[in-house]
Amino acid sequence: MSHPEYILTLSCLDQRGIVHRVSGFLAEYGCNIIDSAQFGDAQSNLFFMRVHFAAENPTFPDDVLRAAFTALAGTMQMTWQLNDAAKKPRMLLMVSKIGHCLNDLLFRYKSGLLAVDIPAIVSNHTDFYQLAASYNIPFHHLPLVNGASADAKLAQEARILEIIEANNIDLVVLARYMQILSPTLCTALKGRAINIHHSFLPSFKGAKPYYQAHDRGVKLIGATAHFVTGDLDEGPIIEQDVARVDHAMGPDSLTAIGRDVESVVLARAVKWFVEHRILLNGHKTVVFK
């Protein structure tokens, strides 16, 4: 019989003995550490830690461990989470009319490269309902166009929240969903919504970024995956990457290259989230790879 495995993530003010106390606690409760990573931020004076461990008792009552660790965390004022490593997070995908990131994530999911469940896809257009059907995933068409009234937007977002709650969603991924979320929805999804931005932030925001890049004669193009906040495209950055381009490439070539980068960057960010590798550090992130 296999041993149950867990992932503990925590942050607190940096102080002496954190690793010792956490590892000692796990040993006391019959747990074996599989891997561990930690980081102390000299600027914020915060300490971050991720521990993947197994319980030697196959019928281990994790509620006992949670209750006991709550007491330890309280003495050190920790922010922490304990997750069952075998549990697949439930992910909602949102998309508009550009589908490369959606298609990439669905392929990774179906191939077993992303350990997630995807109970729903939401779109303000109908372009990808057949793609969703091919993966046997419910497709929710919630129409919304640029310039829609405030009431229409609020009603559409209320429906999104209903879908999130009904499906116990752990992560929302904006896979090129080209609508700005309201501050209310951003607050509701704080720390559990990831967006892919079609540029190496903060440059070339807005429409047709690769045409802007071409007009400026750039030599690098990139993409940025970040958490969604009420400040447009200003959320904590999770992952970025770039591709080298040259003067011979037109805007269509830049677009094709850029979309490949977007897909890879978003997939990395999603994978790290579902593996509980991302910890928030103010306006930044700590990512234990």
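Rg/Rh for the range 105-189: what does it come to with C-alpha atoms and Rh from Kirkwood?
Reported Rg/Rh, Kirkwood definition of Rh: 0.96.
Let me check the size of the range 155-197 from its C-alpha atoms; what are the radius of gyration and Dmax in Å?
10.0, 28
How much length would be gained if the chain were fully extended between H283 and I257, taking 0.36 nm per residue of separation minus their Cα-Cα distance, in nm to one decimal?
Here the answer is 6.5 nm.
Put +1 on the Cβ of every Lys and Arg and -1 on every Asp and Glu Cβ in the chain; which of L8, G235, P138 then has its Cα farthest towards the positive end of the dipole?
Highest projection toward the positive end goes to G235.
Between T187 and R159, what FRET efficiency comes out of the Förster formula 1/(1 + (r/R0)^6) with R0 = 22 Å and r the beta carbon distance, rounded to 0.05?
Rounded to the nearest 0.05, the efficiency is 0.80.
Exceeding 30 Å between C-alpha atoms, which entries from my cross-link table qualify? They are K97/K190; K110/K153; K87/K190; K110/K190; K190/K271.
From the list (K97/K190; K110/K153; K87/K190; K110/K190; K190/K271), the Cα-Cα distance tops 30 Å for K110/K153.
At a 10 Å Cβ-Cβ cut-off, how would you order R244, R277, fewest neighbours first?
Exposure proxy ranking, most exposed first: R244, R277.
Compute the Rg to Rh ratio over the range 90-287 from the alpha carbon atoms, using the Kirkwood formula for Rh, and round to two decimal places.
0.95
Counting alpha carbon pairs within less than 8 Å and at least 6 residues apart, what relative contact order, in whole percent, applies to the chain?
Worked out over the chain, it gives 16 percent.
Apply the Karplus parameterisation 6.51 cos²θ - 1.76 cosθ + 1.60, with θ equal to phi minus 60°, to every residue of the range 237-245 and state each ³J(HN,Hα) to the nearest whole Hz, in sequence, with x for glycine and proline.
7, 9, 8, 9, 7, 9, 10, 7, 10
What's the percent breakdown of Cα-Cα distances in the range 5-84 across 5 Å bins, shortest bin first?
3, 14, 30, 26, 16, 7, 3, 1, 0
Quick check on the chain: of the DSSP beta bridges with both residues there, what percent are antiparallel, nearest 5%?
Bridges in the chain that DSSP calls antiparallel: roughly 75 percent.
Taking only Cα atoms of the range 1-147, what ratio of Rg to Rh do you get with Rh as the Kirkwood inverse-distance radius?
1.12
Compute the distance in nm between two label points, each set 7 Å from the Cα along the Cα-to-Cβ direction, one at Q15 and one at A133.
5.9 nm
Give me the extension gain from D35 to S2: residue separation times 0.36 nm, minus the current Cα-Cα distance, reported in nm with one decimal.
Full-extension gain reported as 10.1 nm.
Any read-out appearing in this document is the output of simple, stated calculations on the displayed coordinates, not a laboratory observation. Nothing here was measured: the structure is a model prediction, and the numbers come from that model. Positions of Cβ are backbone-derived with ideal geometry, glycine not excepted, and every protein chain shown enters the neighbour counts.
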